[in-house]
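Dropping the structure in here first, questions after.
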Amino acid sequence: MRLPEDRTERGGHPAILTPGLAWGKEVLRRRVAFLLVIMQLGPMALLPRSIASEAGPAALRLSVGTGRLTVEVARTHEELSRGLMFRRSLGEDAGMLFLLPREGVASFWMANTTIPLSVAFLDRRGEILEIHDLQPLDTRIVSSRSARVRFALEVNRDWFSRHGVRVGQPVRPEGVSWEQIVGGGQDP
């Protein structure tokens, strides 16, 4: 590619049409740097924030009770903090799996969340320890009674009861183990 000539040498105005060669190299350098950043961040970086957040984290398939779910996996601090906030809807067999930083008591709230949800707290093997219904826009904190929570699974309210899911049942990831999910060996 040939960069444009500097028109100021021929009496042209520097702000009209083609800027100088030095300016052209700077623009080219910035464009290359921008493209390198986009390549590292991936295509989601090009989407407006509201669309990117609607698309959410990567998906994983889970089997539990008589149902199968496609869930987004929240791993990063930002994903864990945002959860399903600001969503307008959630697919019938969709949800979000929260990969908590460590085993312990888990606490959730529904600030900025308008979808009625249920949350299941799971241990490190995927066994359901507790199930709680959550109220839209409720800022009261719902904490687990158990200190063995490693994952939380949010779904549409009553999804668990419609699929015969009860405390003590296992949640099974498809094509991957819980250890791989925790260790990052799964790119859901």
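The values are calculated or read from the model by the stated rules, or taken from the named source; none is laboratory data. Just so you know, these numbers come straight off a predicted model, no measurement behind them. Cβ: placed from backbone, ideal geometry, glycine included. Neighbour counts: every protein chain shown.
Considering Leu97, Leu90, Leu80, Leu122, which residue is surrounded by 14 or more Cβ atoms within 10 Å (Cβ to Cβ) and touching an Asp or Glu at 6+ places or on another chain (Cβ under 8 Å)? Spell out how you get there, then give the answer.
Values: Leu90 fails: touching an Asp or Glu at 6+ places or on another chain (Cβ under 8 Å); Leu80 fails: touching an Asp or Glu at 6+ places or on another chain (Cβ under 8 Å); Leu122 fails: touching an Asp or Glu at 6+ places or on another chain (Cβ under 8 Å).
Result of the check over Leu97, Leu90, Leu80, Leu122: Leu97.
Kindly evaluate Ala147 against the criterion of being surrounded by 16 or more Cβ atoms within 10 Å (Cβ to Cβ) and either of a type in the set (S, T, N, Q) or over 17 Å from Ser161 (Cα atoms) (or both). If you could, list the steps in order and put the result at the bottom.
On the way: surrounded by 16 or more Cβ atoms within 10 Å (Cβ to Cβ): no; either of a type in the set (S, T, N, Q) or over 17 Å from Ser161 (Cα atoms) (or both): yes.
Spelling it out, it is not the case that Ala147 is surrounded by 16 or more Cβ atoms within 10 Å (Cβ to Cβ) and either of a type in the set (S, T, N, Q) or over 17 Å from Ser161 (Cα atoms) (or both).
To continue, here is another question. Return yes when Val71 is surrounded by fewer than 22 Cβ atoms within 10 Å (Cβ to Cβ) and either among the aliphatic types (A, V, I, L, M) or in the same structural domain as Leu153 (by TED's automatic domain parsing) (or both) and no when it is not. Let's see the steps before the verdict.
On the way: surrounded by fewer than 22 Cβ atoms within 10 Å (Cβ to Cβ): no; either among the aliphatic types (A, V, I, L, M) or in the same structural domain as Leu153 (by TED's automatic domain parsing) (or both): yes.
No: the conditions fail for Val71.
Search the stretch 116-140 for residues that are touching a residue at least 60 places away in the same chain (Cβ under 8 Å) and pair each with any residue that is in a strand (DSSP E or B) and small (Gly, Ala, Ser) when their beta-carbon atoms are under 6 Å apart and the residues are at least 6 apart or on different chains.
Pairs found: Ile128/Ala120.
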